[in-house]
Amino acid sequence: MILPIFIASLLFASSSFAAVQDFCVGDLSGPEGPAGFSCKKVAKVTVDDFVFSGLGAAGNTSNIIKAAVTPAFSTQFPGVNGLGISMARLDLAAGGVIPMHTHPGASEVLVVVQGSICAGFISSANAVYFKSLKKGDIMVFPQGLLHFQINAGGSPALAFVSFSSPAPGLQILDYALFGNNLPTELIAQTTFLDSATIKKLKGVLGGSG
Ligand SMILES: *[C@@H]1O[C@H](CO)[C@@H](O)[C@H](O)[C@H]1NC(C)=O
């Protein structure tokens, strides 16, 4: 008799969470808040909301970092809204690099599909963890920590990454410091770099001031 009572109590307990939905495809016409987008009406949801075909093609690596990140976050792929997950594709041409950056909202796991990639992160205690990864290797980057990926071979490298959030966020340290109009003097005071170096980096990364 105990088991049926136990099962009945489980059913009763789960019914108290009746508000849980199967999914919440993002309604991109509305604003995005801390909890993501509001839900598209279920009657308007189709299978295409749960499929994203944009990671099949290489991103354009004709740029200063010789690399491209193609995101499938909730903004591009509204089906992941509310599910706590997302993905992206990394293309690194020979000599390519994803500069030091952080995703404030997500941990990341990277799988190398082609080529080799030197990847690493820096802990909040400033311990460094980096390694040259080959095809099939995966590496995890804990949430919020600064990390990077560098093509470690002479040929194009390809990786796919997944995130523990549909909106991981991305801040690239180099652009945060040298890609805007924060006055050179303040950057010098806060980084201990000399003004000439800062102006040079601003020139390369699109900053001014
Ligand atoms: C890649 O980007 C470069 C620089 O923005 C541009 O000149 C080029 O046309 C792009 N190539 C493709 C295939 O879109």
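The values are calculated or read from the model by the stated rules, or taken from the named source; none is laboratory data. Everything quoted here is computed from the prediction, not taken from an experiment. When we count neighbours, we look across all protein chains shown, and the Cβ atoms used for this are built from the backbone with ideal geometry, even at glycine.
Applying the condition of being surrounded by fewer than 18 Cβ atoms within 10 Å (Cβ to Cβ) and more than 13 Å from the chain's Cα centre (by Cα) to segment 106-115 and asking which residue is nearest to the ligand (Cβ to nearest atom) yields Q114. Residue pairs whose Cβ atoms lie under 9 Å apart, sitting 6 or more positions apart in sequence or on different chains, and linking a residue in segment 27-49 that is over 16 Å from A167 (Cβ atoms) to a partner that is assigned to a helix (DSSP H, G or I) and of a type in the set (G, A, S), are V45/G79; D48/G79; D49/G79. Looking at G82, is it under 20 Å from F23 (Cβ atoms) and not hydroxyl-bearing (S, T, Y)? For G82, the condition - under 20 Å from F23 (Cβ atoms) and not hydroxyl-bearing (S, T, Y) - is met.
Within segment 59-105, how many residues are among the β-branched types (V, I, T), more than 16 Å from the ligand (Cβ to nearest atom) and either in a loop (DSSP other than H, G, I, E, B) or within 19 Å of P31 (Cβ to Cβ) (or both)? Counting residues in segment 59-105 that are among the β-branched types (V, I, T), more than 16 Å from the ligand (Cβ to nearest atom) and either in a loop (DSSP other than H, G, I, E, B) or within 19 Å of P31 (Cβ to Cβ) (or both) gives 3.
Taken together, F160, F148 contain a single residue that is at pLDDT 95 or above and in contact with a Pro (Cβ under 9 Å, 6 or more places away or on another chain), which is F148.
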